[in-house]
Amino acid sequence: MSQQVKRIKYGRRSSQSLSGQIGTSKNVTKRKLSIVNLVATAELGQSMDLERLVDIPGFLYDHAIYHCAYLKDSRTKGKVSVFSSGKMISIGTKSFRDARQDLKYAAQRLVDLRLIESVRVKVRLQNIVAVSDTGIPFDLESLSQIFHNLIYEPEQFPGAIYWAPELEGAAMLLFPSGKIVVTGLKRQELLPAVRKLLEGLTLSTQEFDGRESHA
């Protein structure tokens, strides 16, 4: 079947219809969505001398290589980057709670070392990266003709990029194998919307395959 026929037969669907159709089917298998990385930041509001961290257990700093110091020890869930300006970045955790604990722990370590004065640490979530495997291969060329805001340019990138308005700027990366990567999420509250979109995409793919088999 040609792409032109597919486009006429199925038309283009909006992301709203993609997420909205979940409630119309009781046979959608829920796909597991796993957070693989979370990035959070904090500002200490004061500068510090990173050279004093050179031989401190848990910290890694080499001015010739890094522009910041790194903290990772038995108490951290991820890794915290510490900059001389007072900015800190937590990466590698799987939850905002763990990222916040790591950043607060890093700040307390700096206070104990007398590099900074005691300060209240306000943590901001910057990015959540999550993955899922639908177990259903995607025909990305066909999907790009069906769904609004889905971009597929195989000569530039091996997957398709789906921009769903309800994800507030985050992107879903779809791969032919059926794997999905979600990146750019700024709030944990958006995870249920991701799951709904994921289920809608899986359902749409199953429906499309069914129509193709009877075409």
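Every read-out reported here was derived from the displayed coordinates using simple, explicitly stated rules and does not represent laboratory data. Just so you know, these numbers come straight off a predicted model, no measurement behind them. Note that each Cβ is placed from the backbone with ideal geometry, even for glycine, and that neighbours are counted across all protein chains shown.
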Point to revise | Pairs from K72/K179; K94/K122; K87/K179; K87/K186; K72/K122 whose Cα-Cα separation, in the structure shown, is over 27 Å | key: K72/K179; K87/K179
Revision key, fill the gap. For S74, placing the label point 7 angstrom along Cα-to-beta-carbon and taking the range 33-62, residues whose amide nitrogen sits under 15 Å are 57-59
Exercise for review: Describe numerically, in nm with one decimal, the distance between label points set 7 Å from Cα along Cα→Cβ at L173 and at S85.
Suggested key: 2.6
Review point. Alpha carbon centre of the range 31-104 versus the range 122-186: separation in Å?
Key: 28
